[in-house]
Amino acid sequence: MSQYDYDLLVIGAGSGGVRASRTAARLGARVAVVEERYLGGTCVNVGCVPKKLLVYASHYAETFQVAPGFGWHLGATRFDWSELLANKDREIARLNEVYRGLLQNTGVTLFEARARVLGPNRVAVGDREITAERILIAVGGWPWKPDIPGIDLAITSNEAFYLNELPASIVIVGGGYIAVEFAGIFNGLGVDTHLCYRGDLFLRGFDKDVRDHAASELRKKGITLHFNTEICSIAEEPGGGYRIQTDVNEEWCAGLVMYATGRQPMIDDLGLEHTAVQITEAGTIAVDEFMQTHEPSIYALGDVTGPVALTPVALAQGQALAQNLYGGDDIKLSYKNIPAAVFSQPTIATVGLTEEEARASYERIDIYKSSFGPMQYSLSAIGERALIKLVVDRDTDRVLGCHMVGPDAGEIVQGLAVALTAGATKADFDRTIGIHPTLAEEFVTLRQVAE
């Protein structure tokens, strides 16, 4: 018999933690999971899933606008925010129970309590102490807000999913994908939406053409963009709403202020000081290529380790870790060519290198790109334009990056990610026959190198 209560104790029942737990249990390990908040983690509860539902909801106004061009004439429409939230909450509750069932069906013990590490093999779970041969930290992250006067008056993306009512106007602060996505959501639902970012252009790290194109399209949708601008203070207005002071000597009034300025690992008061676990300058848990910390018995994965804070990455990490520890494998994950999407309006999707990254690493680069009006808007006055772009190494003909802004970009680029992972060349793209008429076929019909 083992000297420990469990072979593996996982702190956090998000995507990565649950995947690691289930896989380890199937491989014969005695596994327990500790979760103090909600099953499914950020993605299921205050991230990917509810956000995508709100994105769908916010796009209907544009769908109704397009409908007459196709012969559909609607009567009066009415949007009910409370009804949407109730339906969203019901779906999230269902998914919570799905996660519970996934753990139970594989024999994983679930503790719904707070966990605090007491040592390399000891964890306080609620009012009891549990021992484990190995501990996995998969606690995820939490929204971060800067320390400015009145910051407590601002919400984050967490609270945005539970608003009692929609404001007439909102200022969203941030330049990442969460800020851009929520700008599209609120704008699509009829809220006067302003997006404020301290830099020259949002979505840092994405291809420059993509960023420029997205900014242009968001402005067309009616979103007001404020670049090179920071908020200095927030104050309540006597008649309701908030007064916002900026560093460019502007004052704004808004019904709501939302900060989407990043997330930080939830490691405060986790008890890591009782171990040899080290924290990086970025505030993440330092791990090696096998997700092992400086404390040999403790592992960490997902958003708490950075730098790729994506649900599919956490899932892959959880699978690999469990197979390595209990299946005898020696998996080292590759973090190249990870596809990503921003569910803005229009959607952004990308895989591989940006043009800027490629030019920094390769001697000769060819760029293929096209901008055009999607067919679904051809019978309407909507002026949205799509952008597609390929980045190619001229010397080897290998496709280094695929980028898209437009309808269904996430669905299309997921397939292209397979091609890049397999090492596809531009010639492979060229000899692939497209599906007509689709937006996706544009990727296999690009022939002219951009100037």
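The values are calculated or read from the model by the stated rules, or taken from the named source; none is laboratory data. The model shown is predicted, which means the values in this text are computed figures rather than measured ones. Cβ atoms come from the backbone with ideal geometry, glycine included; neighbour counts cover every protein chain shown.
Regarding residue 123, is this residue aliphatic (A, V, I, L, M), part of a helix (DSSP H, G or I), surrounded by 15 or more Cβ atoms within 10 Å (Cβ to Cβ) and in the same structural domain as residue 26 (by TED's automatic domain parsing)?
For residue 123, the condition - aliphatic (A, V, I, L, M), part of a helix (DSSP H, G or I), surrounded by 15 or more Cβ atoms within 10 Å (Cβ to Cβ) and in the same structural domain as residue 26 (by TED's automatic domain parsing) - is not met.
Which residues, taken from the stretch 225-275, are among the polar types (S, T, N, Q) and at positive phi? Once the filter is applied, which keeps residues that are among the polar types (S, T, N, Q) and at positive phi, the stretch 225-275 yields 228, 249.
Contact map, the stretch 39-52: first residue in contact (Cβ under 8 Å) with a residue 24 or more places away in the chain, second residue charged (D, E, K, R), Cβ cut-off under 6 Å, separation 6 or more or different chains; pairs are 39/100; 50/88.
Please identify the pairs in which a residue from the stretch 354-373 that is assigned by TED's automatic domain parsing to the domain that holds residue 384 and exposed (fewer than 14 other Cβ atoms within 10 Å of the Cβ) has its Cβ atom under 9 Å from the Cβ atom of a residue that is in a strand (DSSP E or B) and acidic (Asp, Glu), counting only partners at least 6 apart or on another chain. These pairs meet every condition: 363/393; 364/393. Just one residue in the set 185, 170, 178, 155 is aliphatic (A, V, I, L, M) and over 19 Å from the mean Cα position of the chain (by Cα); that residue is 170. Being assigned to a loop (DSSP other than H, G, I, E, B) and free of Cβ contacts under 8 Å to residues at least 60 places away in the same chain is a property that residue 434 has. Given the condition surrounded by fewer than 22 Cβ atoms within 10 Å (Cβ to Cβ), at negative phi and modelled with pLDDT of 95 or more, answer yes or no: does some residue in the stretch 10-18 qualify? Checked the stretch 10-18: no residue is surrounded by fewer than 22 Cβ atoms within 10 Å (Cβ to Cβ), at negative phi and modelled with pLDDT of 95 or more.
Residues in the stretch 383-422 that are of a type in the set (A, V, I, L, M) and surrounded by fewer than 17 Cβ atoms within 10 Å (Cβ to Cβ) were compared, and the one that is nearest to residue 184 (Cα to Cα) is 418. Filter the stretch 248-277 for residues that are touching a Ser or Thr at 6+ places or on another chain (Cβ under 7 Å) and outside any strand (DSSP E or B); which is farthest from residue 180 (Cα to Cα)? Taking the candidates together, the pick is 277. Please verify whether the stretch 320-339 includes one or more residues that are of a type in the set (Asp, Glu) and under 21 Å from residue 33 (Cβ atoms). Taking every residue of the stretch 320-339 in turn, none turns out to be of a type in the set (Asp, Glu) and under 21 Å from residue 33 (Cβ atoms). Taken over the stretch 278-291, the criterion of being among the hydrophobic types (A, V, I, L, M, F, W, C) and in a loop (DSSP other than H, G, I, E, B) is satisfied by 282, 286, 287, 290, 291.
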